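A.B. asks: Dropping a structure here in structure tokens format, bear with me for questions.
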Amino acid sequence: MAPALQNVDHLLDADSQVKMRLLDDTYKLDNVNNNTDVKRDTHDKVNGDLDFDIVKYEAMEFRPQIRWPDLIVQVFLHCVTMYGFYLMLTIQVKFLTTLFVFATIYTSGFGITAGVHRLWSHRAYSARLPLRILLALLFTITGQRDIYTWALDHRVHHKYSETVADPHDINRGFWFAHIGWLVLTPHPAVENRRIALRKSSLDLMHDPVVRLQKKYFIPLFLLLNVILPVAIPVHFWQETLLNSFVVSFVTRFTITLNIAFCVNSFAHIWGNKPYDRFIKSVENKMVSLAALGEGWHNYHHVFPWDYRTSELGRLNLSTNFINFFAKIGWAYDLKAATPSMIVNKANRSGDGSLGTMEEPDPSILHIQAIRINDKS
């Protein structure tokens, strides 16, 4: 169980050199951005917003086309993965191979959650070079494109969430948000915003780790996502080459993709909305379990700059991962919302379910108790 927010500074002692920014409720939420507007080119308008008329794009008649190469790849991956599940369930692959697959899925997952998502997309904390290299390697193992492309798309998603400019707009249905957006041509509004936000995302390419990972993504993808995962079971415990390819590459890769897809689909449909009932994103415990803490999505869309992506007290392995590296000084400048800010937001726009899932942050309960006593 994670400690209460007021105990975080004690947990991360002075030797860890952690600078946690707790934004108190005197700071207006309107002034807190999604950590997407950074290092703008002074010669350009801010993100091109003045030239962007989303109403025009919403009124546009748009018929997406199937991107056949992408669709064929996805069909291949998922069909072979069904065979991979069959091999594992019928014990036709070695137990160590199955164990290796799931260990790799969850270990590399931190490259998505703590890396490309919380660090590079939202700048919710800062990381020293060794941690950035580690996260870049873990993210590359997942095979989910390069850091720059993933982070840029995620910034577009947050800035234009639930509009036609959202790359995986949940308003177009579960299957589109889950996987359809990868096999269909993007809406012109999405393409427009991807180009526009490049000007405000210069911080990404200013990081040499991001630059190198983008430049050498193809060979790194082949080495870390294909060759090594297939070769390790074959070399160390004599798994067959075919079984290793099917299970340790294709099945592992596809499972990792679908866990990430679930954050775009399930976590925008099924769950409660304790912080903002007016948006689609929800709190989904099962997605959080699978995605190392990324399913507390209603909280995340309200406080996208919070490195925890959830309240303390929620199941969030990625927050524990970051806290560990904060203790040894590799992570610092952790940003987090205060309990009073969270409660105030929930009181204004939540669905009334704050504190009903898992064990809530004790400091939140304390503030709520004070409010109840004041009213009585």
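The values are calculated or read from the model by the stated rules, or taken from the named source; none is laboratory data. Because the structure is a prediction, the values reported are computed rather than measured. Cβ atoms come from the backbone with ideal geometry, glycine included; neighbour counts cover every protein chain shown.
A.B. asks: Take residue 232 and decide whether it is at pLDDT 95 or above, closer than 28 Å to residue 128 by Cβ and assigned to a helix (DSSP H, G or I).
C.D. replies: Taking the combined requirement at face value, the residue does not satisfy it.
A.B. asks: Could you tell me which of the residues 326, 267 is within 20 Å of residue 126 (Cα to Cα), in a helix (DSSP H, G or I) and of a type outside the set (Phe, Trp, Tyr)?
C.D. replies: Answer to the selection: 326.
A.B. asks: Hey, can you tell me all the residues within the stretch 175-209 that are crowded, with 17+ Cβ neighbours inside 10 Å and acidic (Asp, Glu)?
C.D. replies: 207
A.B. asks: Consider the stretch 231-289. How many of its residues are over 21 Å from residue 86 (Cβ atoms) and of a type in the set (A, V, I, L, M, F, W, C)?
C.D. replies: Residues in the stretch 231-289 being over 21 Å from residue 86 (Cβ atoms) and of a type in the set (A, V, I, L, M, F, W, C): 17 in total.
A.B. asks: Please state which of the following conditions residue 312 fails to meet, knowing it meets all the rest: (1) over 16 Å from the mean Cα position of the chain (by Cα); (2) within 20 Å of residue 139 (Cα to Cα).
C.D. replies: It fails just one condition, (2).
A.B. asks: Taking interchain pairs and intrachain pairs at least six residues apart, which have beta carbon atoms under 9 angstrom, with the first residue in the stretch 229-247 and buried (at least 17 other Cβ atoms within 10 Å of the Cβ) and the second among the basic types (Lys, Arg) and in a helix (DSSP H, G or I)?
C.D. replies: The qualifying pairs are 229/252.
A.B. asks: Residue check: is residue 273 closer than 25 Å to residue 171 by Cα, in contact (Cβ under 8 Å) with a residue 60 or more places away in the chain and crowded, with 21+ Cβ neighbours inside 10 Å?
C.D. replies: yes
A.B. asks: A further question follows. Of the residues that make up the stretch 165-183, is at least one touching a Lys or Arg at 6+ places or on another chain (Cβ under 8 Å), within 30 Å of residue 95 (Cβ to Cβ) and either among the aromatic types (Phe, Trp, Tyr) or not in a helix (DSSP H, G or I) (or both)?
C.D. replies: Among the residues of the stretch 165-183, not one is touching a Lys or Arg at 6+ places or on another chain (Cβ under 8 Å), within 30 Å of residue 95 (Cβ to Cβ) and either among the aromatic types (Phe, Trp, Tyr) or not in a helix (DSSP H, G or I) (or both), which makes the answer no.
A.B. asks: Just the residues that are buried (at least 18 other Cβ atoms within 10 Å of the Cβ) and touching a Lys or Arg at 6+ places or on another chain (Cβ under 9 Å), please, taken from the stretch 248-270.
C.D. replies: Across the stretch 248-270, the qualifying residue is only 268.
A.B. asks: Between a residue in the stretch 128-139 that is in contact (Cβ under 8 Å) with a residue 40 or more places away in the chain and any residue that is polar (S, T, N, Q), which pairs come within a Cβ distance under 7 Å, given they are 6 or more apart or on different chains?
C.D. replies: 136/213
A.B. asks: Are there any pairs, at least 6 apart or on different chains, whose C-beta atoms fall under 6 Å, with the first in the stretch 75-94 and surrounded by 15 or more Cβ atoms within 10 Å (Cβ to Cβ) and the second not β-branched (Val, Ile, Thr), and if so, which?
C.D. replies: Every condition considered, the pairs that remain are 93/87; 93/243; 94/237; 94/239.
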